[in-house]
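J.: What follows is a structure written as C-alpha coordinates; I'll ask about it next.
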Amino acid sequence: FYRMNKEYLKKVQTIDSTIQTAYDCLAGEQGDARNWELYRFLYHPNSQMIRYESDFVDGEIRPQYMSPYDFTTSIGKYMETIKKTGFYEREIHKIKKVFGNIAHVWSTCESFESKEDMENNNPYVRNVHSFQMAYYQERWWIINLFWYKETEEFPIPNEFLGIE
(Lines give C-alpha, C1' and ligand atoms only; values in the text may rest on other atoms or scores of the structure.)
Protein backbone atom coordinates (compact mmCIF):
# COMPACT_ATOMS: atom_id res chain seq x y z
CA PHE A 1 0.00 0.00 0.00
CA TYR A 2 2.72 2.52 0.97
CA ARG A 3 5.72 0.74 -0.50
CA MET A 4 8.53 3.01 -1.57
CA ASN A 5 8.33 3.43 -5.30
CA LYS A 6 10.93 5.81 -6.78
CA GLU A 7 8.57 6.90 -9.56
CA TYR A 8 5.87 7.66 -7.01
CA LEU A 9 8.31 9.56 -4.80
CA LYS A 10 9.09 11.92 -7.69
CA LYS A 11 5.42 12.93 -7.74
CA VAL A 12 5.30 14.02 -4.06
CA GLN A 13 8.35 16.29 -3.87
CA THR A 14 6.36 19.52 -4.12
CA ILE A 15 2.92 20.65 -3.01
CA ASP A 16 1.93 21.41 -6.60
CA SER A 17 3.09 18.07 -8.00
CA THR A 18 1.31 16.16 -5.25
CA ILE A 19 -2.00 17.93 -5.91
CA GLN A 20 -1.63 17.64 -9.70
CA THR A 21 -0.96 13.92 -9.32
CA ALA A 22 -4.18 13.58 -7.31
CA TYR A 23 -6.12 15.19 -10.17
CA ASP A 24 -4.29 13.11 -12.78
CA CYS A 25 -5.02 9.81 -11.00
CA LEU A 26 -8.77 10.47 -11.15
CA ALA A 27 -8.79 11.33 -14.86
CA GLY A 28 -10.09 8.97 -17.49
CA GLU A 29 -12.93 7.92 -19.71
CA GLN A 30 -15.62 5.51 -18.54
CA GLY A 31 -14.05 2.07 -18.35
CA ASP A 32 -10.45 3.35 -18.10
CA ALA A 33 -8.46 1.86 -15.23
CA ARG A 34 -7.01 4.41 -12.80
CA ASN A 35 -3.78 4.12 -10.82
CA TRP A 36 -5.37 3.75 -7.40
CA GLU A 37 -2.11 2.54 -5.85
CA LEU A 38 -0.46 5.85 -6.73
CA TYR A 39 -3.55 7.78 -5.60
CA ARG A 40 -3.47 6.12 -2.15
CA PHE A 41 0.31 6.74 -1.98
CA LEU A 42 -0.36 10.50 -1.96
CA TYR A 43 -2.23 10.27 1.35
CA HIS A 44 -0.93 9.79 4.88
CA PRO A 45 -2.07 6.42 6.33
CA ASN A 46 -4.33 8.24 8.84
CA SER A 47 -5.76 10.74 6.36
CA GLN A 48 -9.41 11.43 5.73
CA MET A 49 -11.26 12.45 2.61
CA ILE A 50 -14.31 14.50 3.44
CA ARG A 51 -16.90 15.40 0.86
CA TYR A 52 -19.56 17.89 1.84
CA GLU A 53 -22.59 16.75 -0.13
CA SER A 54 -26.14 15.49 0.20
CA ASP A 55 -26.35 12.31 2.21
CA PHE A 56 -27.80 9.46 0.17
CA VAL A 57 -30.02 8.38 3.09
CA ASP A 58 -31.91 11.55 4.00
CA GLY A 59 -30.65 14.18 1.54
CA GLU A 60 -29.21 16.38 4.30
CA ILE A 61 -26.02 18.17 3.31
CA ARG A 62 -23.25 17.10 5.68
CA PRO A 63 -19.60 16.06 5.76
CA GLN A 64 -19.10 12.46 4.70
CA TYR A 65 -15.81 10.89 5.82
CA MET A 66 -13.87 8.13 4.13
CA SER A 67 -10.32 6.88 3.92
CA PRO A 68 -8.47 7.04 0.59
CA TYR A 69 -8.79 3.24 0.47
CA ASP A 70 -12.58 3.46 0.94
CA PHE A 71 -12.72 6.18 -1.72
CA THR A 72 -10.78 4.16 -4.30
CA THR A 73 -12.71 0.94 -3.68
CA SER A 74 -16.16 2.56 -3.77
CA ILE A 75 -16.16 5.80 -5.76
CA GLY A 76 -13.18 4.62 -7.80
CA LYS A 77 -14.97 1.45 -8.80
CA TYR A 78 -18.05 3.53 -9.70
CA MET A 79 -15.91 5.85 -11.87
CA GLU A 80 -14.34 2.95 -13.75
CA THR A 81 -17.33 0.67 -14.26
CA ILE A 82 -20.74 2.26 -13.59
CA LYS A 83 -20.49 5.98 -14.38
CA LYS A 84 -21.60 6.46 -17.98
CA THR A 85 -19.15 9.28 -18.68
CA GLY A 86 -15.51 10.02 -18.11
CA PHE A 87 -14.15 12.21 -15.34
CA TYR A 88 -11.51 14.91 -15.57
CA GLU A 89 -10.64 17.78 -13.24
CA ARG A 90 -8.67 20.92 -14.01
CA GLU A 91 -7.40 23.29 -11.38
CA ILE A 92 -8.32 26.88 -12.22
CA HIS A 93 -6.94 28.66 -9.16
CA LYS A 94 -4.91 27.88 -6.07
CA ILE A 95 -4.35 29.66 -2.77
CA LYS A 96 -1.37 28.14 -0.99
CA LYS A 97 -0.29 28.93 2.57
CA VAL A 98 2.81 27.26 4.01
CA PHE A 99 4.29 27.46 7.49
CA GLY A 100 7.30 25.28 8.24
CA ASN A 101 6.44 21.78 7.07
CA ILE A 102 2.67 22.22 6.97
CA ALA A 103 0.54 23.61 4.18
CA HIS A 104 -3.08 24.47 3.50
CA VAL A 105 -4.09 24.71 -0.13
CA TRP A 106 -7.42 25.91 -1.48
CA SER A 107 -7.65 24.40 -4.97
CA THR A 108 -10.57 25.47 -7.15
CA CYS A 109 -11.25 23.12 -10.01
CA GLU A 110 -13.66 22.38 -12.81
CA SER A 111 -14.92 18.86 -13.55
CA PHE A 112 -15.59 17.48 -17.01
CA GLU A 113 -17.23 14.33 -18.35
CA SER A 114 -14.79 13.89 -21.26
CA LYS A 115 -11.51 15.16 -22.70
CA GLU A 116 -13.57 16.83 -25.41
CA ASP A 117 -15.61 18.74 -22.80
CA MET A 118 -12.35 19.85 -21.20
CA GLU A 119 -10.93 21.00 -24.54
CA ASN A 120 -14.18 22.88 -25.23
CA ASN A 121 -14.15 24.39 -21.71
CA ASN A 122 -17.53 22.87 -20.84
CA PRO A 123 -17.42 21.88 -17.13
CA TYR A 124 -20.44 20.27 -15.49
CA VAL A 125 -19.47 21.37 -11.97
CA ARG A 126 -16.87 23.40 -10.07
CA ASN A 127 -15.49 22.48 -6.66
CA VAL A 128 -13.28 23.94 -3.99
CA HIS A 129 -10.86 21.45 -2.47
CA SER A 130 -9.18 22.11 0.86
CA PHE A 131 -5.91 20.16 1.08
CA GLN A 132 -4.12 19.96 4.44
CA MET A 133 -0.59 18.72 3.82
CA ALA A 134 2.60 17.89 5.71
CA TYR A 135 6.21 17.43 4.66
CA TYR A 136 8.26 14.72 6.30
CA GLN A 137 10.12 11.55 5.28
CA GLU A 138 11.42 13.56 2.32
CA ARG A 139 8.02 14.01 0.70
CA TRP A 140 4.66 15.80 0.89
CA TRP A 141 1.66 13.92 2.26
CA ILE A 142 -2.00 14.81 1.92
CA ILE A 143 -3.20 14.71 5.52
CA ASN A 144 -6.83 15.54 4.75
CA LEU A 145 -8.85 16.50 1.71
CA PHE A 146 -12.15 18.31 2.23
CA TRP A 147 -14.28 19.44 -0.72
CA TYR A 148 -17.51 21.23 -1.54
CA LYS A 149 -19.14 21.71 -4.91
CA GLU A 150 -20.45 25.02 -6.14
CA THR A 151 -24.21 25.52 -5.97
CA GLU A 152 -26.57 28.41 -6.60
CA GLU A 153 -26.76 28.84 -2.84
CA PHE A 154 -22.97 28.75 -2.48
CA PRO A 155 -21.25 30.22 -5.56
CA ILE A 156 -17.47 30.14 -5.48
CA PRO A 157 -16.15 33.46 -4.13
CA ASN A 158 -14.04 35.62 -6.46
CA GLU A 159 -11.01 35.14 -4.18
CA PHE A 160 -11.12 31.40 -4.89
CA LEU A 161 -11.33 32.09 -8.64
CA GLY A 162 -8.36 34.49 -8.67
CA ILE A 163 -10.57 37.50 -9.34
CA GLU A 164 -9.93 40.64 -7.31
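The values are calculated or read from the model by the stated rules, or taken from the named source; none is laboratory data. Because the structure is predicted, anything quoted here is derived from the model rather than measured. We place every Cβ from the backbone using ideal geometry, glycine too, and count neighbours over all the protein chains shown. The accessibility values were calculated without ligands, DNA or RNA, using every heavy atom of the protein model including side chains. Shrake-Rupley method; radii C 1.70, N 1.55, O 1.52, S 1.80 Å.
J.: Scan the stretch 38-111 for GluC sites (Glu not before Pro) in coil per DSSP, keeping those whose Cβ has at most 12 other Cβ atoms within 10 Å, and list them by number.
T.: Numbers: sites: GLU53, GLU60, GLU80, GLU89, GLU91, GLU110; in loops: GLU60.
The qualifying sites are GLU60.
J.: Just the accessible area for ILE156, please: 1.4 Å probe, Å², rounded to the nearest 10?
T.: 20 Å²
J.: Can you list the residues of the stretch 112-155 with backbone N under 14 Å from a point 7 Å past the Cα of GLU53, pointing along Cα to Cβ?
T.: So the set is 112-113, 124-129, 146-151.
J.: OK, next. Kindly provide the chymotrypsin sites (Phe, Trp or Tyr not before Pro) of the stretch 24-93 that DSSP labels as loop, not H, G, I, E or B, and whose Cβ sees at most 16 other Cβ atoms within 10 Å.
T.: For chymotrypsin sites (Phe, Trp or Tyr not before Pro) across the stretch 24-93 that sit outside H, G, I, E and B with at most 16 neighbouring Cβ atoms in 10 Å, the list reads PHE56.
J.: Within the chain, what whole-number % of the accessible surface is contributed by carbon and sulfur, with the 1.4 Å probe and all protein chains included in the calculation? Could you put the intermediate results ahead of the total?
T.: Working: 4870 of 9400 Å².
Carbon and sulfur atoms account for 52 percent of the accessible area of the chain.
J.: In cubic angstrom, how much convex hull volume per residue do the alpha carbon atoms of the chain span?
T.: Details: hull volume 21.2 nm³, N = 164.
Cα convex hull per residue, to the nearest whole number: 129 Å³.
J.: Using alpha carbons only, how many angstrom separate the centre of the stretch 41-95 from the centre of the stretch 99-164?
T.: Measuring centre to centre over Cα atoms gives 13 Å.
J.: Just to check I understand the Karplus step: with θ = phi - 60° and J = 6.51 cos²θ - 1.76 cosθ + 1.60, what whole-Hz values come out for the stretch 147-155, glycine and proline as x?
T.: Whole-Hz 3J(HN,Hα) from phi for the stretch 147-155: 9, 9, 8, 5, 9, 4, 5, 10, x.
J.: Turning to a different aspect of this structure: Please work out the average accessible area per residue across the stretch 36-150, using the 1.4 Å probe convention, and give it in Å².
T.: The answer is 54 Å² per residue.
J.: Then there is this: Grab the DSSP H runs of the chain that are 4 residues or longer, score each as -39,500 (n - 2.57), total them, divide by all residues and round the 222 nm result to the nearest 500 deg cm²/dmol.
T.: Rounded to the nearest 500, the figure is -6000 deg cm²/dmol.
J.: Whole-Hz ³J(HN,Hα) for each residue in the stretch 20-36, computed from phi via Karplus 6.51 cos²θ - 1.76 cosθ + 1.60 with θ = phi - 60°, x for glycine and proline: what do you get?
T.: Running phi through 6.51 cos²θ - 1.76 cosθ + 1.60 with θ = phi - 60° gives 4, 5, 4, 5, 4, 5, 7, 6, x, 7, 4, x, 6, 6, 10, 8, 6 Hz.
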